[in-house]
Amino acid sequence: MSVKELKITKLDKSFGVVVDNIASDKSISHRCAMFSLLSDKPSYIKNFLRGEDTMDSLKIAALLGAMIEDDGETIKITPPKELKEPSDILDCGNAGTGMRLYAGLLAGIDGSFVLTGDKYLRSRPMKRVTDPLRSIGAKIDGREDGNKAPLHIRGGKLKSFKYHSPIDSAQVKSALILAGIKGDEKSYYKEDLLSRDHTERMLNGMGAKIITNEDGWIEINPLTSPLNPLNLTVPADPSSAFFFAVAAAIIPNSKITLKNITLNPTRIEAYKILEKMGAKITYIEQENLYEPIGDIVVEYASLQGVEVSENIAWLIDELPALSIAMAVASGESYVRNAKELRVKESDRISSVVNNLALCGVDFEEYEDGYKIFGGKGLKKATINSNGDHRIAMSFAIAGLLCGMDIEDTACIDTSFPNFVEILELLKD
Ligand code: S3P
């Protein structure tokens with residue numbers, strides 16, 4: 001990943017645009033690459049996210065024996081009869097989702113596997129998956145007693161389990177589901193707040209039996225035969241679209257229509273908060289393929305401060321962009337119960353508040369969040385993304401109001417390669 005710079009100039013006008021090329025959903029694309037390995041027939045994926053993170057997951061599928069054919073539109077993934085022990089390390093790049101889900105998938109497969117990633121991923125905590133996987137018999141080691149990659153997995157037979165997760169994390173849940181379906185008996189998993197549920201929806205769509213009971217326990221039934229293949233068009237990513245939702249909400253008299261977004265309720269909470277701040281938002285469901293998919297229309301309004309302390313797992317990825325809206329909104333806003341932000345692609349609490357401070361915004365920092373004193377205007381600054389795609393893109397959106405020089409922006413390619421192209425569209 002090379003280091004690049006982005007110079008954003010102030011947008012002196014309103015915009016009204018329809019955007020139909022928001023980056024495809026990252027979570028669903030990762031899962032397409034991985035889950036296609038659980039079938040015995042080829043999967044066909046349209047609109048796969050061609051970002052670095054998800055292409056890394058696809059490369060790993062190939063190293064495990066899958067045949068990947070790409071005609072530029074559809075990616076055909078033909079799984080091997082049996083996953084093979086790779087002759088090299090498996091590089092997840094910048095992707096926590098890649099590493100944590102593959103850890104769960106590979107823990108139940110015979111063979112030796114090494115998962116690694118870039119310097120940012122190698123500094124992120126992995127015990128949240130390695131601990132529960134070890135407790136069901138997985139042989140996993142890594143730096144700091146299995147907390148930091150590179151991780152070495154010696155896959156094999158796993159025990160069934162009943163695990164109440166201390167964190168609401170779709171990555172942990174998915175890793176455990178992927179381990180559980182390889183078992184001989186039912187396993188059970190519980191989280192306090194339902195985290196994004198693409199894994200349950202997609203695997204069930206492929207023929208698995210993963211049942212969320214009324215008491216919150218997820219019943220994971222072992223696979224008795226290979227799953228049906230996937231045949232889907234990946235919808236656009238609501239967390240990528242959200243940068244432009246914020247742009248429309250803060251640039252006077254602007255309006256944006258964001259097309260073909262997943263409207264999965266576990267993914268659109270940030271839009272609900274933006275609505276609470278005063279923005280006018282309409283959701284138009286168009287179809288349902290594993291999940292509801294449709295358009296989101298966002299219109300400018302004079303925003304008011306807001307308090308965010310609930311349903312954090314449903315908006316965790318959007319908090320950096322939401323903090324820009326909070327800085328613009330009049331009055332105080334705060335985010336609490338969001339300690340998870342500290343272990344994302346960067347420490348997002350410190351990345352957000354320190355960069356906002358450079359833009360002249362006052363704040364208070366807490367271990368689990370921050371308070372932003374909004375409405376006093378933002379000024380142009382030179383900020384650093386800390387290698388974090390969502391920090392780079394959030395401050396690019398702030399730059400539409402005041403101009404911004406952003407250092408270290410190559411990371412944008414991990415999730416949203418055409419971000420700058422869409423940003424340019426707002427100027428037309
Ligand atoms: C993801 C889950 C979330 C999210 C990440 C993608 C996924 O992480 O932040 O960008 O695809 O499962 P956690 O589940 O660890 O909170």
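Rounded to the nearest Hz, the phi-derived 3J(HN,Hα) couplings of segment 209-215 under the Karplus curve 6.51 cos²θ - 1.76 cosθ + 1.60 (θ = phi - 60°) are 10, 10, 10, 8, 7, 4, 7, where x marks glycine and proline. Close amide H pairs (under 5 Å, H built 1.01 Å from N) link residue 163 with 188, 189, 190, residues at least 5 positions away or on another chain. Just check segment 328-428 against the gyration tensor rule for me: Cα atoms, a ≥ b ≥ c as the square roots of the eigenvalues, rounded for a/c under 1.5, and otherwise prolate or oblate depending on whether a/b exceeds b/c. Taking the square roots of the gyration eigenvalues as a ≥ b ≥ c, segment 328-428 is oblate. The gain in end-to-end length when the residue 272 to residue 81 segment is fully stretched comes to 64.3 nm, 0.36 nm per residue minus the alpha carbon separation.
Going highest first, how would you order 76-83, 93-100 by mean Cβ packing within 10 Å?
Working: 76-83: 16.9, 93-100: 25.6.
Per-residue Cβ counts within 10 Å, averaged per peptide and sorted highest first, yield 93-100, 76-83.
Residue by residue, segment 415-426 carries 3J(HN,Hα) couplings of 10, 8, x, 9, 4, 5, 4, 6, 4, 4, 4, 5 Hz when phi is fed to the Karplus relation 6.51 cos²θ - 1.76 cosθ + 1.60 (θ = phi - 60°); x denotes Gly or Pro. Under a 5 Å amide H cut-off, with hydrogens placed 1.01 Å from N, residue 108 pairs with 156 among residues at least 5 apart or on other chains. If R0 is 35 Å, the Cβ-Cβ spacing of residue 368 and residue 212 corresponds to a FRET efficiency of close to 0.80.
Subtracting the Cα-Cα distance of residue 357 and residue 143 from their residue separation scaled by 0.36 nm leaves 73.6 nm.
The GluC sites (Glu not before Pro) found in segment 179-238 that occupy coil by DSSP, while having at most 16 further C-beta atoms within 10 Å, are 185, 214. Annotation: for a label point projected 7 angstrom from Cα along Cα→Cβ of residue 46, residues of segment 74-92 with backbone N closer than 13 Å are 74-75. Taking 223, 176, 258 in turn, the Gaussian network model of the chain (Cα-Cα springs below 10 Å) assigns the largest fluctuation to 223. Between the helical axis of 389-402 and the longest alpha-carbon principal axis of the chain there is an angle of about 10 degrees. Per-residue ellipticity at 222 nm computed for the chain from its helices equals -9000 deg cm²/dmol, with DSSP H segments shorter than 4 residues left out and the rest contributing -39,500 (n - 2.57). With respect to the chain, whose longest principal axis is taken over its alpha-carbon atoms, helix 52-63 is tilted by about 10°. Angle check, please: helix 96-107 long axis (alpha carbons) against the longest principal axis of the chain (alpha carbons), in degrees 0 to 90, nearest 10. The answer is roughly 10 degrees. Using the average count of surrounding beta-carbon atoms within 10 Å as a protection proxy, the listed peptides 264-270, 376-382 rank, highest first, as 264-270, 376-382. Pull out a ≥ b ≥ c, the square roots of the eigenvalues of the alpha-carbon gyration tensor of segment 213-352, then state rounded if a/c is under 1.5, prolate if not and a/b is larger than b/c, and oblate in the remaining case. Because a/c hits 1.5 or more and a/b fails to exceed b/c, segment 213-352 counts as oblate.
No value in this document is a laboratory result; all are computed from the given coordinates. Note that this is a predicted model, so its numbers are computed, not measured. In this analysis, Cβ positions are derived from the backbone assuming ideal geometry, glycine residues included, and neighbour counts consider all displayed protein chains.
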